[in-house]
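Read through the structure below, which is laid out as structure tokens, and then see the notes.
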Amino acid sequence: RSRRAGAMSLPLLLLPLAAWAIHLPSESGSGDITLVTFGKGDTTERQWKELNDPVMGGKSTGTWTVKNGVGVFDGEVVDVPSLKAPGFIKTSTVDTASFQDISSCKSMFFEARASTEYSGYRLSFGTKKSFGCSFFSGGFKSHFNAPVGSAFQRVEIPFSNFSDCNSDATGEPSKTCASDPSVCPDTKTLQDVKTISFWGEGAKGTVHLEIKSIGASGCSSSSSSSNNNNAE
């Protein structure tokens, strides 16, 4: 319980609600734990799979490739004809290797760049489902705005922005961590997130996101030191 409380300690007041994330120069911090990189043979390399909206004749399309140590998520989100509302595409880790414990950390981060503005980007982790919320999807999810341009930037999302109670239709949270602590990331999930996903969801448009690394930040010194030793 104390670890979970620590993970929620970064006030939401520091972040404009419209932005949902902080963009920083692309560099590692001393309190980081790296979870995923894309170099061939990296100890943090993972297997990924891309999924297009399969529900009720969805027409959204996407691809996932890895080029020169960078994961590339491409595609287009369009309306599901029968629903007359945008569908989704997503790319997820699918291997069964455990992730490092990030329960001492405060935020998720990733280094990325996008080629164009798109309003439906989301990051999720874990598999936990909140009763009476999402029927199809599980895990803790947060919206983010991707940095557009040629430079990779670091995007930080506090754990307190994630919820496991999200609409299957739009991806928007039905309950937020700020208003209902029961939907905040729990210690068990943070000890091994099991899977990480990037989504294009709930908004029509072109998706092109390039990702260099994914991890957690604001971690205790002992946890981040252990991560550095494992990476050597």
Kindly write out, for the range 201-207 in residue order, the coupling ³J(HN,Hα) from the Karplus curve 6.51 cos²θ - 1.76 cosθ + 1.60 (θ = phi - 60°), rounded to whole Hz, with x marking Gly and Pro. 8, x, 8, 6, x, 8, 10
Out of the range 95-177, which chymotrypsin sites (Phe, Trp or Tyr not before Pro) are coil in DSSP terms and have no more than 16 other C-beta atoms within 10 Å? 131, 135, 136
For the range 92-152, whose charge dipole is built from +1 on Lys and Arg Cβ atoms and -1 on Asp and Glu Cβ atoms, the candidate among 142, 93, 130 with its Cα farthest towards the positive end is 130
For the range 31-75, with the dipole built from +1 on Lys and Arg beta-carbon atoms and -1 on Asp and Glu ones, taken about the Cα centre, which of 61, 34, 71 lies farthest toward the positive end? 61
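Please report the relative contact order for the range 100-148, taking Cα pairs under 8 Å with a sequence separation of at least 6, and give it as a percent rounded to a whole number. Let's see the in-between values first.
Working: 49 pairs, mean separation 21.0, N = 49.
The value is 43 percent.
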Inter-label distance for residue 42 and residue 221, nm, one decimal - labels placed 7 Å from Cα along Cα-to-Cβ: 2.7
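Share of antiparallel DSSP beta bridges in the range 76-232, in percent to the nearest 5?
Values: 34 of 35 bridges.
That works out to approximately 95 percent antiparallel.
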Relative to the Cα centre, what is the charge dipole magnitude of the range 116-232, using +1 at the beta carbon of each Lys and Arg, -1 at the beta carbon of each Asp and Glu, and rounding to the nearest 20 debye? 120
For residue 148, what residues show an amide H to amide H distance below 5 Å, using hydrogens built from the backbone and excluding near sequence neighbours? 114
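Over all pairs of distinct alpha carbons, what does the Kirkwood formula give as the hydrodynamic radius of the range 110-150, in Å? Walk me through the numbers before you get to the answer.
On the way: mean 1/r = 0.0834 Å⁻¹.
It is 12.0 Å.
Under 8 Å for C-alpha pairs, at least 6 residues apart: give me the relative contact order for the range 110-197, rounded to a whole percent. Please list the in-between numbers first.
On the way: 172 pairs, mean separation 29.0, N = 88.
Across the range 110-197, relative contact order equals 33 percent.
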Can you pull out the trypsin sites (Lys or Arg not before Pro) in the range 39-110 that DSSP calls coil and that have at most 10 other Cβ atoms within 10 Å? 40, 84
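Every number in this text was worked out from the coordinates using simple rules, so none of it is lab data. Just so we're clear, the structure is a prediction, and the values are computed from it rather than from any experiment. Every residue, glycine as well, gets a Cβ built from its backbone with ideal geometry; the counts of neighbours run over all protein chains shown.
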